Amino acid sequence: TGAEVASFYAFDPTYTGGVRVAAGNFAGDARAEIAAGTGAGVAGRVNVIDPRSLAVLNTLQPFGGFAGGVNLAAGDVTGDGIAEVIVGA
């Protein structure tokens, strides 16, 4: 219907940079979670978020202080039925 279902901050509300997203079954519960990555200008960070509770399930800082932004993908690369977060600079 085009109606908004939910609204949330992937990062602190004061963060005004871009956000890149991917979705995958990271928790192994047959439902997709959201992976959100920061854009350029801050130390790269990825939050995995439960879309039902909007709780942050996991946080990664894959490249230390690298501030060039992160790109995300999701897929089951290990064959265990649970998606992994794939992060690139």
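Does at least one position in segment 7-20 carry a residue that is modelled with pLDDT under 95 and among the basic types (Lys, Arg)? Scanning segment 7-20, I find no residue that is modelled with pLDDT under 95 and among the basic types (Lys, Arg), so the answer is no. When each of Val48, Val77, Val21, Val85 is tested for being of a type in the set (A, V, I, L, M), open to solvent by 70 Å² or more (accessible area, probe 1.4 Å) and assigned to a strand (DSSP E or B), the lone residue that passes is Val21.
Whenever a residue of segment 52-70 is assigned to a loop (DSSP other than H, G, I, E, B), its partners that are among the basic types (Lys, Arg), lying with C-beta atoms within less than 7 angstrom and at least six residues away or across chains, give the pairs Gln61/Arg45; Val70/Arg20. The single condition among (1) modelled with pLDDT of 95 or more; (2) within 13 Å of the chain's Cα centre (by Cα) that Leu60 does not satisfy is (1).
Among the residues of segment 21-48, just one is touching an Asp or Glu at 6+ places or on another chain (Cβ under 8 Å), aliphatic (A, V, I, L, M) and at pLDDT below 95, namely Ala27.
The values are calculated or read from the model by the stated rules, or taken from the named source; none is laboratory data. Keep in mind it's a predicted model, so treat the numbers as computed, not measured. All Cβ positions, even for glycine, are placed from backbone atoms using ideal geometry, and neighbour counts span all protein chains on display. The protein model used for the area step is the full one, side chains on, heavy atoms only, and it has no ligands, DNA or RNA in it. Shrake-Rupley method; radii C 1.70, N 1.55, O 1.52, S 1.80 Å.
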